[in-house]
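Trainee: Dropping the structure in here first, questions after.
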Amino acid sequence: MRILPILALLGAGCFDLELDFSSEGTSVTATARGDGTTEVRICAGPRDLLSCNDATGFTVSLGDQVVEDDAIAHQLFGGRLAIVHDDRPGATVVVTRDRDGAAMSAELPPPFAITSPADGAVLSRREGVRLRWSATRDEVLWLTSSTCGTTAGRTDDDAGTTLRGSELPEVTGGACDVELTVEHRRAGRVGRGFPDDSDIHGVQQRSVHVRLVP
């Protein structure tokens, strides 16, 4: 039941614009940031708005890298986190449920770069922010994160968008340091044994830091 549009999961190191209040399904996001590792975050069902089922065991693999359940960290609210030391473009992340072998998989999208704005740029909120990245056919989400506030959205443009002032955090104290994040997301395949509302996504994520002034 998708009923919360535009919610950012900052603490999870990823974000989603739709969040379930409750679900029997399992949700997995495999995120690469270009540093040689992939973070695989698992929220096993049944789950609700702020909690996952941490009693279920999983094994995560990517290429010849395998992370067994006892090496998958327990996070707040029942989430699980596996760090895989591989982020090759096109590599497939496989998440297998230990009790029955049910598996889901997702391919990492190609790496990309944010080409505008430049890291460290000073930008006017009134004029908006021209956000550009390497072209993609994957789903694109964007996020702004700062002590002044957080905003998020998705775009159908494959290579960029302009964030209007109303889509940016309010500037307080004359200036605000903002992290601009772009995700390219690719839906994967959910195998038999998982509820219909389960999902897995392979993600490439990149960020730049800018200073926002009125």
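The values are calculated or read from the model by the stated rules, or taken from the named source; none is laboratory data. Since the model is a prediction, treat every value here as computed from it, not as a measurement. Quick reminder, even Gly has a Cβ in these numbers, built from the backbone with ideal geometry, and neighbours come from all protein chains shown.
Trainee: Please determine, by comparing only the residues of the stretch 144-161 that are in contact with a Cys (Cβ under 9 Å, 6 or more places away or on another chain) and surrounded by 14 or more Cβ atoms within 10 Å (Cβ to Cβ), which one is nearest to ALA113 (Cα to Cα).
Mentor: First, the residues of the stretch 144-161 that are in contact with a Cys (Cβ under 9 Å, 6 or more places away or on another chain): 146-149.
Subset that is surrounded by 14 or more Cβ atoms within 10 Å (Cβ to Cβ): 146, 148-149.
Values: SER146: 21, CYS148: 25, GLY149: 24 Å.
The residue in question is SER146.
Trainee: Name the residues in the stretch 91-145 that are farther than 30 Å from GLY63 by Cα and part of a loop (DSSP other than H, G, I, E, B), would you?
Mentor: Within the stretch 91-145, PRO117, ALA118, ASP119, GLY120, ALA121, ARG125, ARG126, GLU127, GLY128 qualify.
Trainee: Test GLY193 against the criterion of being within 19 Å of ILE42 (Cβ to Cβ), part of a loop (DSSP other than H, G, I, E, B) and in the same structural domain as PHE58 (by TED's automatic domain parsing), and give yes or no.
Mentor: no
Trainee: Of everything in the stretch 37-60, what is over 15 Å from ALA73 (Cα atoms) and either of a type in the set (Gly, Ala, Ser) or part of a strand (DSSP E or B) (or both)? Give them in sequence order.
Mentor: GLY45, ARG47, ASP48, SER51 - these are the residues of the stretch 37-60 that are over 15 Å from ALA73 (Cα atoms) and either of a type in the set (Gly, Ala, Ser) or part of a strand (DSSP E or B) (or both).
Trainee: Before we move on, is GLY202 small (Gly, Ala, Ser), surrounded by fewer than 18 Cβ atoms within 10 Å (Cβ to Cβ) and in contact (Cβ under 8 Å) with a residue 24 or more places away in the chain?
Mentor: Against the criterion (small (Gly, Ala, Ser), surrounded by fewer than 18 Cβ atoms within 10 Å (Cβ to Cβ) and in contact (Cβ under 8 Å) with a residue 24 or more places away in the chain), GLY202 does not qualify.
Trainee: Go through the residues of the stretch 8-15 one by one and say whether even a single one is outside any helix (DSSP H, G or I) and either more than 19 Å from the chain's Cα centre (by Cα) or at pLDDT 95 or above (or both).
Mentor: Taking every residue of the stretch 8-15 in turn, none turns out to be outside any helix (DSSP H, G or I) and either more than 19 Å from the chain's Cα centre (by Cα) or at pLDDT 95 or above (or both).
Trainee: If SER116 satisfies every condition in (1) in contact with a Leu (Cβ under 8 Å, 6 or more places away or on another chain); (2) among the hydroxyl-bearing types (Ser, Thr, Tyr); (3) under 19 Å from THR37 (Cα atoms) but one, which is the exception?
Mentor: Every listed condition holds for SER116 apart from (3).
Trainee: If ALA135 meets every condition in (1) closer than 15 Å to ARG206 by Cβ; (2) crowded, with 16+ Cβ neighbours inside 10 Å apart from one, which number is that one?
Mentor: (2)
Trainee: Right, here's the next one. For the stretch 61-78: of the residues being modelled with pLDDT of 95 or more and assigned to a loop (DSSP other than H, G, I, E, B), which is farthest from ARG99 (Cα to Cα)?
Mentor: ILE72
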